[in-house]
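Peer 1: I am attaching a structure below and will ask some questions about it afterwards.
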Amino acid sequence: MNLHEYQAKDLLRQHAIPIPPGEVAATPAEAGAIARRLGRPVVVKAQVLTGGRGKAGGVKLAATPAEAESVSASILGMTIRGHIVRRVLVAEAAEIARELYLGAIVDRSSKSIVFMASAEGGVEIEEVARAAPEKILRRSVDPYLGFAEFQARELGFGLGLDAGQVRAFAAIARGLYDTLCQNDATLLEINPLAITPTGDLLALDAKMVIDDSALHRHPELEALRDVEAEDPIEARARQEGISYVKLDGTIGCVVNGAGLAMATMDVIKLYGGEPANFLDIGGGARAERVAAALELLLSDSKVKAILFNIFGGITRCDEVARGIVTALQSLGEGMRRVPIIVRLVGVNEAEGRAILQAARITALSSMTEAAQAAVDAAREAGR
């Protein structure tokens with residue numbers, strides 16, 4: 001679950017990280033009132049769950065409350081990378097002498113929390129990694145031992161900070177680590193971490209991603225979810241208990257098991273197709289969940305064909321087949337139809353194939369044949 005900048009900053013403030021004061025506004029009038037209360041020049045920032053706000057015109061300075069109201073009016077309602085701006089953060093503007101980057105991420109390959117720091121702040125870290133990877137400093141933190149003071153100091157001196165700034169930097173890094181761990185975040189970054197002309201450090205922007213699987217421990221974080229900003233298909237999938245990630249292709253995938261889902265997408269690409277999603281209905285999925293998965297994919301206008309790839313272990317093939325037939329029978333008049341190819345192997349596969357064949361749905365046992373058939377069907381439908 002992604003948090004908005006203002007939400008991430010609120011969590012960072014709880015760990016004594018220095019952040020300029022600011023409030024969120026949903027209307028230009030509210031933005032003007034906030035600027036008036038702050039009594040100083042402000043920066044008005046679009047609150048959307050994507051990057052590139054500055055380049056899109058979603059971040060603007062305002063010297064007066066009237067100007068804050070004016071620029072808020074131009075930002076609210078605009079679309080940035082497909083996201084509609086419904087709120088802006090009005091924060092006290094800061095003078096910047098230098099910009100740094102500081103972030104931490106849960107790294108599964110090293111089974112540790114990896115800190116990253118760079119003197120190239122204010123730029124997306126992916127750009128720095130691509131153009132000048134040597135400018136990114138890294139330190140791995142053993143979650144059992146915790147974040148050591150010397151690791152923070154190494155990063156600070158590596159960024160060229162003086163002794164006083166290193167002490168401040170170490171405190172910020174410790175606060176970032178504690179915020180990440182206590183909230184079960186998988187990523188937390190401050191970009192930029194600004195150095196003011198007086199040498200102080202300020203966190204001017206923040207990005208935070210919470211582990212969805214840990215939200216049962218954090219009902220207060222679940223309440224921060226911005227449902228309006230989410231893809232409606234992904235939101236419905238979450239309500240149905242279906243693991244779903246939208247992609248850019250044309251072949252919808254319904255699979256039971258994350259590993260099989262990844263393999264299915266690989267085979268589709270091998271034969272020249274592009275998967276439209278990752279979708280795992282899970283083990284033991286019954287007909288109702290299969291029907292919900294099918295309706296989800298049919299609501300995506302980019303999907304031109306659907307491939308079911310089911311290994312019947314805990315999940316019975318005949319249950320999946322009934323779910324597909326039930327979903328197709330229950331579709332309303334306005335719901336579009338696309339070619340469906342089903343690969344069934346495992347428990348009750350013969351019964352499942354018989355159910356599908358009776359409904360005139362293509363049923364195969366070979367994964368490669370099914371993938372090829374789905375790619376061909378999508379190409380034909382796209383002509």
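The values are calculated or read from the model by the stated rules, or taken from the named source; none is laboratory data. Predicted model only: the values in this text are computed from it and were never measured. All Cβ positions, glycine included, derive from the backbone under ideal geometry; neighbour counts span all protein chains shown. With ligands, DNA and RNA removed, areas are computed over all heavy atoms of the protein, side chains included. Shrake-Rupley method; radii C 1.70, N 1.55, O 1.52, S 1.80 Å.
Peer 1: What do you get for the angle between helix 163-182 and the principal long axis of the chain? Use alpha-carbon atoms, 0 to 90 degrees, nearest ten.
Peer 2: 30
Peer 1: What nm value, rounded to one decimal, do you get for the distance between LYS55 and ASP107 when each label is placed 7 Å out toward the C-beta?
Peer 2: 2.6
Peer 1: Which FRET efficiency, nearest 0.05, do ALA354 and ARG36 yield, Cβ-Cβ r, R0 56 Å?
Peer 2: 0.20
Peer 1: If you don't mind, there's one more thing I want to ask. Which percentage, to the nearest 5, of the DSSP beta bridges contained in the chain is antiparallel?
Peer 2: 75
Peer 1: Once the Cα atoms of helix 149-158 and of the chain are each reduced to a long axis, what angle between those two axes, in degrees from 0 to 90 to the nearest 10, is obtained?
Peer 2: With both axes taken from Cα atoms, the answer is about 80 degrees.
Peer 1: Loop only by DSSP, 11 or fewer other Cβ within 10 Å of the Cβ. Give me the trypsin sites (Lys or Arg not before Pro) in the range 110-179 that pass, ordered by residue number.
Peer 2: LYS111
Peer 1: Another question, then. Report the local net charge at SER70: Lys and Arg +1, Asp and Glu -1, summed over other residues whose C-beta lies under 14 Å from its C-beta.
Peer 2: Surrounding charge for SER70 is -1.
Peer 1: Separate question: Need one word for the range 126-171: rounded, prolate or oblate. Basis is the Cα gyration tensor (sqrt eigenvalues a ≥ b ≥ c); a/c below 1.5 gives rounded, then a/b vs b/c decides.
Peer 2: Note, shape of the range 126-171 comes out oblate.
Peer 1: Most fluctuating residue of ALA261, ALA119, ALA358 in a GNM of the chain with Cα springs under 10 Å: which is it?
Peer 2: ALA358
Peer 1: Oh, and also: Please label the shape of the range 230-274 as rounded, prolate or oblate, based on the square roots a ≥ b ≥ c of the eigenvalues of the alpha-carbon gyration tensor (a/c under 1.5 means rounded; beyond that, a/b larger than b/c means prolate, else oblate).
Peer 2: Oblate is the answer for the range 230-274, as a/c is 1.5 or above yet b/c matches or exceeds a/b.
Peer 1: Leaving ligands, DNA and RNA out of it, report the carbon-plus-sulfur percent of the accessible area of the range 118-265 at a 1.4 Å probe.
Peer 2: That share works out to 54 percent.
Peer 1: I'd like to compare 99-108, 265-274: which one has the highest average count of other Cβ atoms within 10 Å, and what's the full order after that?
Peer 2: Going by the mean number of other Cβ atoms within 10 Å, highest first, we get 99-108, 265-274.
Peer 1: So which residue, out of ASN309, ASN348, ASN256, gets the largest mean-square fluctuation from a GNM of the chain using Cα contacts under 10 Å as springs?
Peer 2: The residue that fluctuates most here is ASN348.
Peer 1: 5 Å is the cut-off here: which amide hydrogens, built 1.01 Å from N in the peptide plane, fall below it relative to ILE80, excluding neighbours closer than 5 in sequence?
Peer 2: VAL85
Peer 1: Right, next: Using the structure shown, select from LYS9/LYS60; LYS60/LYS246; LYS9/LYS55; LYS111/LYS207 the pairs with a Cα to Cα distance greater than 26 angstrom.
Peer 2: With Cα atoms farther than 26 Å apart: LYS60/LYS246.
Peer 1: Check which residues have an amide H placed less than 5 Å from LEU247's amide H, if you skip close sequence neighbours.
Peer 2: Amide H neighbours of LEU247, under 5 Å, 5+ apart: ASN277, PHE278.
Peer 1: Something else about it: Calculated FRET efficiency, TYR144 and LEU260, Cβ-Cβ r, R0 25 Å, to nearest 0.05?
Peer 2: Approximately 0.15, to the nearest 0.05.
Peer 1: I'd like the accessible area for CYS181: 1.4 Å probe, protein heavy atoms, all chains in place, Å² to the nearest 10.
Peer 2: Here the accessible area works out near 60 Å².
Peer 1: Now for a separate question. Once fully extended, how much extra length lies between GLN14 and ARG167, figured as 0.36 nm per residue of separation less the alpha-carbon to alpha-carbon distance?
Peer 2: 53.2 nm
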